[in-house]
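Asker: Following this message is one structure expressed as structure tokens.
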Amino acid sequence: MIAARERLRPVRRTRTTNARRRESFTAFGMATPAVVLLIVFLVVPVALAFTLAFTDAKLVSPTPARFVGLRNFTLLFQDPTFYKSLRNTAYFAAVVVPLQAGLALVLALLVNAKVRGVNFFRTVYFLPVVTSMVVVSLLWTFLYREDGLVNHVLSTLTLGHVQGPDWLGDPATAMPAIILMSVWQGVGFHMIIWLAGLQTIPAELYEAADLDGATRWHRFRHVTWPGLRATRTFVLVTITIAALSLFTQIRVMTQGGPLDSTTTVVYQAVHTGYDQQQTAYAAAVSLIFFVLVLTVSLVQRFLTREKD
């Protein structure tokens, strides 16, 4: 009996090895399309952008690209429009990130209540998210006109004493108008993320807090907020990356104006690369943008990390 078992062990090992090998080949075959797409649409463009930033390549040019070293970066840091785009991007992110995250958390707390009709409000709050940003931008462009609905409502509420400005045509109001529209459009998505985080907090913790006589504020401070640690990290990082990548609203609503008051880093890169056909210069802008987003994300991740 023992001898028979010893003879069967090599056979079992061979079968196990062959099964694992087939599983490996199957997994490799299933992962190959995704890996190829990742290389073609992510790795190659990033490497190409990094290479083009050090050349004088143009989108359409009869002459081949030449290596020019750091000339594009030298011109970039001497460009006043670039510094305006940096300020506008930082301004937009500094306002949108806390405003949108805070408003989304408030909405999540409201729709997390078990009351009748709460699903209706969840749908209403989330509806702008599933609407195309181009469509939303066009709609709000009409709303912001001098004879648009916003100014009409403002005039009606003030009995005609206040006449609204040309929101997108005034450098002082163009960016705040875009901020308001962007928060309205994106707050529903992060409300869902907060809501998912809220529903992972054990109900026993709230029951224990109620037994201890905790108020709503103490329940939020000592139970809800600590329980949302991982969720708030995800929310802050995603909102920040989206805010720094501001482009569609600018392209549709203002084209960077008036007087470059809404020009952002991404818009400058696209405008320079495609409209002005300065591909190498646009690649340099994109490379600086990549470093900026990476730095901000790492700092946020460090500040919101779990501390021992």
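Asker: Of everything in the range 118-135, what is free of Cβ contacts under 8 Å to residues at least 60 places away in the same chain and either among the β-branched types (Val, Ile, Thr) or within 20 Å of Leu246 (Cβ to Cβ) (or both)? Give them in sequence order.
Answerer: Those that are free of Cβ contacts under 8 Å to residues at least 60 places away in the same chain and either among the β-branched types (Val, Ile, Thr) or within 20 Å of Leu246 (Cβ to Cβ) (or both): Val118, Thr123, Val124, Val130, Thr131, Ser132, Val135.
Asker: Given the conditions (1) surrounded by fewer than 18 Cβ atoms within 10 Å (Cβ to Cβ); (2) at pLDDT 85 or above; (3) more than 29 Å from Leu59 (Cα to Cα), report the number of the one that Ser245 does not fulfil.
Answerer: (3)
Asker: Given the condition at pLDDT below 85, hydroxyl-bearing (Ser, Thr, Tyr) and either open to solvent by 50 Å² or more (accessible area, probe 1.4 Å) or more than 30 Å from Gln255 (Cα to Cα) (or both), answer yes or no: does some residue in the range 204-214 qualify?
Answerer: Scanning the range 204-214, I find at least one residue that is at pLDDT below 85, hydroxyl-bearing (Ser, Thr, Tyr) and either open to solvent by 50 Å² or more (accessible area, probe 1.4 Å) or more than 30 Å from Gln255 (Cα to Cα) (or both), so the answer is yes.
Asker: For residues that are out of contact with any Asp or Glu (no Cβ under 7 Å at 6 or more places or on another chain) and either open to solvent by less than 40 Å² (accessible area, probe 1.4 Å) or among the charged types (D, E, K, R) (or both), tally how many sit in the range 271-287.
Answerer: Initially, the range 271-287 is screened for residues out of contact with any Asp or Glu (no Cβ under 7 Å at 6 or more places or on another chain), giving 271-279, 281-287.
Then drop every residue that is not either open to solvent by less than 40 Å² (accessible area, probe 1.4 Å) or among the charged types (D, E, K, R) (or both), which leaves 272-273, 275, 279, 281-285, 287.
Qualifying residue count, the range 271-287: 10.
Asker: Separate question: May I ask you to verify whether Ile250 is out of contact with any Ser or Thr (no Cβ under 8 Å at 6 or more places or on another chain), under 20 Å from Asp79 (Cβ atoms) and aliphatic (A, V, I, L, M)? Before the answer, list the steps.
Answerer: Details: out of contact with any Ser or Thr (no Cβ under 8 Å at 6 or more places or on another chain): no; under 20 Å from Asp79 (Cβ atoms): yes; aliphatic (A, V, I, L, M): yes.
No, not satisfied.
The values are calculated or read from the model by the stated rules, or taken from the named source; none is laboratory data. Quick caveat: nothing in here was measured; it's all calculated off a predicted structure. Cβ coordinates were reconstructed from backbone atoms using ideal geometry, including for glycine residues, and neighbour counts include every protein chain displayed. Note: accessible area is taken over every heavy atom of the protein model, side chains too, but ligands, DNA and RNA are not part of it. Shrake-Rupley method; radii C 1.70, N 1.55, O 1.52, S 1.80 Å.
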